[in-house]
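The values are calculated or read from the model by the stated rules, or taken from the named source; none is laboratory data. Just so it is clear, the structure is predicted and the values come from calculations on it, not from any experiment. Note: ideal-geometry Cβ built from the backbone for every residue, glycine included; neighbour counts use all protein chains shown.
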Amino acid sequence: MDLITLLAENEGIGKDEIEKIWTLVEEQQMSMKIIIFNCLLEISPNLSSETYSYLIENKLEQIQDSDFDEPTLNFILKLSQQALKLHLPSQAQKKTKFGLGLFWKLIQNSSKSSTETKDLAMKSLLKVAFLFF
């Protein structure tokens, strides 16, 4: 983990590295997926706003509604909360909306997400929204 953090601190984690890390997320069982998410949370404060936006827009926003699970939603919630606390540059804020768009999409009637996922997305949406106040 220290090597990854060192790379992130020195802008050594970019789109290519996010692609490789995300491939691991897609291929792993639940317990390993959580470990990878925790690794991403640890390095996310050191990601450039461009890399952070890439993670949101090209990975998280591309997940099918029916494929969201509790670990993924918890990861998005923690990532969003962390981003708000770190005050990402305004350009990244406008683009990513700190995960609010993902949560909003999942709670819509047209979403193919499960009722359980919709409930968790609503709770997460409220938690992130309250950070704005």
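Checked against the criterion of being surrounded by fewer than 17 Cβ atoms within 10 Å (Cβ to Cβ), modelled with pLDDT under 90, of a type in the set (Asp, Glu) and not in a helix (DSSP H, G or I), the candidates Glu57, Glu19, Glu11 yield just one match: Glu11. The residue that is farthest from the chain's Cα centre (by Cα), counting only those in the stretch 25-38 that are surrounded by 13 or more Cβ atoms within 10 Å (Cβ to Cβ) and at pLDDT below 90, is Gln28.
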